Structure formats: C-alpha cells, structure tokens
Amino acid sequence: ALGGYLRGLARISVIGPSLAALPAASGCAASHFPPPSSLTTPTCEASAWQAAAGLSTPTPHAHLGVYASFQAGPLPETTAVLIDEVGTACTGAADATACATAVAAAHPPSQRHVLTTDGDTVAAYTDPAAYAALFGDIDTPQEALLRAWLDGFDVTCGDGTRSGVRAVPGGFEVVATRSSGGCSEPLVTTRVLLSVTADGAVTELESEVLSSEVGLCPGRRTEGLNRPPGPPRGGLGAAEEYAAWLARVAHLEEGSIHAFERLADELAAHGAPAALVTAARASARDEARHTEAMSALARASGATPRPATLEASGVRSLFAIALENAVEGCVRETFGALVGHHQALAAEHEELRVAMGSIAEDETRHAALSWEVAAWLAPRLSASELAEIQTAQRDAVEAMRREALAPQPVSFAAHAGLPSPPTAARLIDQLRDTLWS
C-alpha cells in the first residue's frame, strides 16, 4: 500500500517539466500535429502547470480546486493531491470544521476532479455532465486544456511539442501526453492530438509514441556513523557535481547497511518478533546491493566514495531506537523512497534511472518496515516518550523541508532526476498531511 501511494505521488510530480526532458520523437515534422508556433502554451509557474488560473465559470465560486486522487490501502481511504486552486477552501463557511470534513469526504477515489466551496456548500465535479454544469461551453484555451487533463491526459510545461492548444471551428485542438506502464512494464510516453468541442466532448485524433523506457522499477542513518561528504553546492562543473553527489549517495547507502544490522541486533535483544528482525537483516542486504550499484556509478563518473564506518556501542534503550526510527525511518527513509521513485521516472542519466527504479522499490519496503517497527515499539513507551518522539518527528519534517528548498545546481539536478525545490517541498507537505500528521 505504501508503495502504491509513493509511486502515485511520484507519477503526479513528474507530470510537469521532467517529461519535457525526454527525447523528441523522430519524424514529428511529418506528422499531422500542429506546429508549436501555432499553439498557446499552458500557463506555468515554477515549472508547474497552473490548472486553475484564469478559469471563468458561469456561476462564480469562492474557491475552486483541481485535484488528482487515488486510494492507498490502509492509508487514508482517498488521498487527494491539490494540483492548483483559486481562492481558499471553506472561505465564509459558518462551520469551518464541518466544511473541511465535507471537503475531505467529497474527493472521489482514483480520479482527477474539480471541487468547489461556497460558504458551507461543497461540490465535487467528476464526470462530463458535471464538467458541463461547472464550465458551460468550453470557450477558452485554459478550459480546453483542463477538460483534456480531467480525461487523463497530461499537460506539461516547457515544451511546446508536448502541450499546447489552439482554437478551431467548433472548439479547440489540444496537444497533450499520456503515460502508461511502470514498475513491471516499460513506461511509455505518448503524444496525442485531441479535439475538445464547445460542449466538452474529448476525442483523440492522432497519437505517436515519444519514448519507451524499460526497467524503471523492478538512506537510513544511525548514531555513530562517520559523517558523509557534504553535498555539492556549486563551484564545480555539472559533471563533477554529479560525480560528487553519486559518491555521497554511495556513502549513505553503505551507512544504511550498518544501520539495519544494528536495528536487527537491537530488535532481537529486546525480544521483537522474528519477522521484524528478519526484515531488518534483509534490508541490510538490500543496502549492500545499493552501495555496490551507486559506487560503480560514482567510480564511472570519476569519484571515489568514502567508506562508511560505525563506532561500536551496546544495545540502546527502546526509546532511543524508537526516536531514531521515527526520524530516520518513518520520515527520512519514507521521503527518500518517494524521491527514488521520482528519479526512476525523471533522471536524464539512463543507468541511474534504471538503478533508482530498483532501489526505490527496496527503499519503499524499508520505509514500510520503519512504520511496522514504530507500531511494535509504541505500546512499550511512556506517554512522555511518545510525545517527545512526535515532536522530534515534526522537527525532522520541517528540517527536511528547509533542506529541500536549498538551491540545486540545475544541470546536476537534471542528471539525477531530483525534484525541483518547489516540487520537493510540495511532496513533503503532502506526506506531512497524510503520513506524518
């Protein structure tokens, strides 16, 4: 369930600029797609499509939000990701708490949709008839793009060959993309030409495959590890920054071997279920494979990873284990798994993209183990210890958000497929509101 949730967030996070980095299809000039110069490009800000910008509905609404939602097993029944909005939800509501509850309940499972609030009134629009009631005639380029997006087509920023719109008799032509496949199948990106008529009917006119990427899907720290090298922060060329980053990741992966071996030993010493101990030892073996893969990439790029070492120590208390697990496992490793899924889709370096697909799947299992360990530990801790852990976890989320917003070398970030600082912050906010609240 956690894997489905993280993969869903990663897919949503690369709807924007990352797809523009994929190579253009050969022979596009001979197709029937309109030239980019004839299209109006999507309205974007910080490389994110502003799906709600400039919308004008026949009936004005105090708040209009555009969402993508999906289900994730034992996580909240419906998880809704806000793509864009105008206004503030529940503005003017007599009972703001009841309105917020109604908003949360209004999101449909596994569907793109629009939601409006007017005072205490909440309405969700989830099908063509509802879209027609909301928008009336599709008579602006932005409405045509949004109507196509609601039907499952992706609107991207920064590449006119992949997204744009133009008026034609009877409505609009929209150029968009769609993706299929994922972990066990190739990820196929297809460009489509759509007709969006004034009454909101969406028809596919033409399509062509732009790319097919195979093998996309097949660091936990602990007290006493030696410090990793600092992250690259400029002053080097893009290739050197990328190599230094690879070496740092290899070091952190090796440190995770020690962290999981220590966790297994300590869980066994405290009488934890055998399944948790076995899973921790299996995670250490996973991290050994990750270390080997990332070290090979680092050396191929001209960098040598620094060995990770751990100072010997005795078995720690349950509280010390729980505190570290909450911060390093439930927070940092969970976000690291999400970033890994993002890189598996977005990294420009093919070998890294393939490696991160496999690593992200392993890290997702490791993150899930962290939550299982936390559940076993919680009844064995005092109320004050649990409160201290909750505070530490909240502080770790905020610290990680500050780190995510730090500027990145542009070329290095693209090589690695790292989410942009605004995207990373939005992903952290989403996890904070669903998993870490």
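Residues being under 17 Å from residue 68 (Cα atoms) and among the acidic types (Asp, Glu): count how many of those fall in the range 79-115. Of the residues in the range 79-115, 2 are under 17 Å from residue 68 (Cα atoms) and among the acidic types (Asp, Glu).
Does residue 21 satisfy the criteria of being among the hydrophobic types (A, V, I, L, M, F, W, C), modelled with pLDDT under 85 and within 19 Å of residue 176 (Cβ to Cβ)? It is true that residue 21 is among the hydrophobic types (A, V, I, L, M, F, W, C), modelled with pLDDT under 85 and within 19 Å of residue 176 (Cβ to Cβ).
Taking (1) more than 21 Å from residue 204 (Cβ to Cβ); (2) open to solvent by 10 Å² or more (accessible area, probe 1.4 Å) in turn, residue 116 satisfies each apart from (2).
Figure legend. Inter-residue proximity from the range 314-333: first residues modelled with pLDDT under 95, second residues open to solvent by 40 Å² or more (accessible area, probe 1.4 Å) and small (Gly, Ala, Ser), beta-carbon distance below 7 Å, spacing 6+ or different chains. Indicated pairs: 315/269.
Against the list (1) within 24 Å of the chain's Cα centre (by Cα); (2) surrounded by 18 or more Cβ atoms within 10 Å (Cβ to Cβ), the condition residue 125 fails is (1). Selection over the range 161-181 of residues that are within 19 Å of residue 209 (Cβ to Cβ) and open to solvent by 10 Å² or more (accessible area, probe 1.4 Å) gives a count of 5. Put simply, of 394, 401, 426 the only residue that is open to solvent by less than 70 Å² (accessible area, probe 1.4 Å), of a type in the set (Lys, Arg) and either out of contact with any Leu (no Cβ under 6 Å at 6 or more places or on another chain) or not in a helix (DSSP H, G or I) (or both) is 401.
Residues considered: 203, 101, 190. Of these, the only one that is assigned to a strand (DSSP E or B), under 29 Å from residue 7 (Cα atoms), of a type outside the set (Gly, Ala, Ser) and open to solvent by 50 Å² or more (accessible area, probe 1.4 Å) is 203.
If you filter the range 108-146 down to residues that are touching a Leu at 6+ places or on another chain (Cβ under 8 Å), of a type outside the set (S, T, N, Q) and not in a helix (DSSP H, G or I), you find that the one that is nearest to residue 52 (Cα to Cα) is 114. Just one residue in the set 278, 291, 304 is open to solvent by less than 70 Å² (accessible area, probe 1.4 Å), out of contact with any His (no Cβ under 6 Å at 6 or more places or on another chain) and among the polar types (S, T, N, Q); that residue is 291.
The values are calculated or read from the model by the stated rules, or taken from the named source; none is laboratory data. Since we're looking at a predicted model, the values are computed, not measured. A quick note on method: Cβ atoms are made from the backbone with ideal geometry, for glycine too, and the neighbour counts reach across all protein chains shown. Note: areas computed on protein heavy atoms with side chains; ligands, DNA, RNA excluded. Shrake-Rupley method; radii C 1.70, N 1.55, O 1.52, S 1.80 Å.
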